[in-house]
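S.K.: Supplied in structure tokens, the structure appears directly below.
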């Protein structure tokens, strides 16, 4: 039997390499690794991977519409194409408006419309739904899973009478709000878009100056137990995944404990979603898994805040560090924030400008690929849905790595070097050792092909 070959893909700062395929490597059977090494063993398998992706927002969709037809196709292919793109497989969108909408809106603005008689997706049909539908078409035979998150109920359902600056859902509208999720899923299905999952509330502990709504841990689990879970089930939508928290890693364990400590609520909940706008607290993911191994962990949002950050290399490294550390602590998927933003890092109806992996200069029709786009690609292009994380370790703090085995048997190892020092590295597998390099400020993906 011949030793397996390794395909190598590299992105490195201060070079032209951007997901560039390099010369293949061979594994030498029986060779022992040196001092600087990465060890990967596909026999030891852990969580199954749902996928990678980003968020469809009104901001992304309206920005796409401002670009030329050729640029629009280039952007969609870069994310959803399987031949030359990332092949995104798990994406997010918003129910009602969010900060990356052009303004506040809900699907029924009629006060007291508990029967949802005036419910309409007309606003989404202007830009958001067409972008999702085009992306599904681009994805072709491998459609992505889509989950949806509300930033706020309609203003008339809230204690404050407005969608921005927090407030709470009025108790008398809890059933109507649960019905609202069902109606949303049904109307999207009519438009050819299946909803795979729901988060209960985006960032339920943050009273933001934009669309937001506060839930305590108990209020969230009670809403799932008494309203959202049963309402989905009664509507024949019990297969739709319910994801709690959808906020930062710092409070993840405490919030999960409240929900999973209530068996009647827990039975409806698929897992816990989280963001990164806090201290890293990667250890909280491990604690969550240790306490509730049957519940999933999903990174539901992260972006570089404070403007577009054009040309920044640190942005990509931040993305990859999160992905490596999250997956090594049992995350099953990783979803970026806006798929696309304009040259300002918007549009955003409260001036909360951010970066995106692809920035579109709507003045010049330029498509600007940021470092985060390439760093995400080192995972999304090669680790497919149904893959399993495998045992993968390094011998140096400077080297960060994770590994997977795909359903077709290919083994994928992602190795990042965020330092200014290049390393010669022994990539060791049960089949033998390959000598690889980790250039300074680089990320590499090694794809070990199955033996014939």
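S.K.: Per the Kirkwood definition applied to all pairs of different Cα atoms, how many angstroms is the hydrodynamic radius of the range 23-124?
M.R.: With all distinct Cα pairs of the range 23-124 included, I get 18.8 Å.
S.K.: Counting other C-beta atoms within 10 Å, which of 117, 354, 213 has the fewest, and how do the rest follow?
M.R.: 117, 354, 213
S.K.: Using a Förster distance of 35 Å, how high is the FRET efficiency between residue 77 and residue 194, based on the Cβ-Cβ distance and rounded to 0.05?
M.R.: Between residue 77 and residue 194 the formula returns 0.95.
S.K.: Follow-up. Report the Rg/Rh value for the range 296-355, based on alpha-carbon coordinates and the Kirkwood definition of Rh.
M.R.: My calculation puts Rg/Rh at 1.03.
S.K.: Going by Cα centres, the range 233-259 and the range 265-298 are how many Å apart?
M.R.: The range 233-259 and the range 265-298 have Cα centres separated by 9 Å.
S.K.: With n ≥ 4 as the cut-off for DSSP H runs, can you work out [θ] at 222 nm for the chain, using -39500 (n - 2.57) per run divided by the number of residues, rounded to the nearest 500?
M.R.: After summing the helix terms and dividing by the residues of the chain, the value is -7000 deg cm²/dmol.
S.K.: Here's something else I'd like to know. Count the DSSP beta bridges whose two residues both fall in the range 86-199, then state the antiparallel fraction as a percent rounded to the nearest 5.
M.R.: Of the beta bridges lying entirely in the range 86-199, close to 10 percent run antiparallel.
S.K.: Turning to a different aspect of this structure: I need the shape label for the range 368-452. Rule: rounded when a/c is under 1.5, else prolate if a/b > b/c, else oblate, with a, b, c from the alpha carbon gyration tensor.
M.R.: Oblate, since a/c reaches 1.5 and b/c is not below a/b.
S.K.: Moving to a separate point now. Could you order the peptides 236-244, 127-135 from most to least packed, using the average number of other C-beta atoms within 10 Å per residue?
M.R.: So the order, starting with the most tightly packed, is 127-135, 236-244.
S.K.: Express in % the proportion of alpha carbon pairs of the chain at distances exceeding 31 Å.
M.R.: Within the chain, distances greater than 31 Å cover 40 percent of Cα pairs.
S.K.: State the Cα centre-to-centre distance between the range 125-188 and the range 78-98 in whole Å.
M.R.: If you average the Cα positions of each part, the centres end up 17 Å apart.
S.K.: Report the relative contact order of the chain, percent, no decimals, based on alpha-carbon pairs under 8 angstrom and at least 6 residues apart.
M.R.: Relative contact order for the chain comes out at 24 percent.
S.K.: Here's a follow-up. Give the distance, in whole Å, between the Cα centre of the range 424-452 and the Cα centre of the range 334-382.
M.R.: Centre-to-centre (Cα) distance: 30 Å.
A short reminder: the numbers here are calculations on the coordinates, not readings from a lab. In this text the structure is predicted, and so the values were computed from the model without any measurement. Note that we place each Cβ from the backbone using ideal geometry, even for glycine, and neighbour counts take in every protein chain shown.
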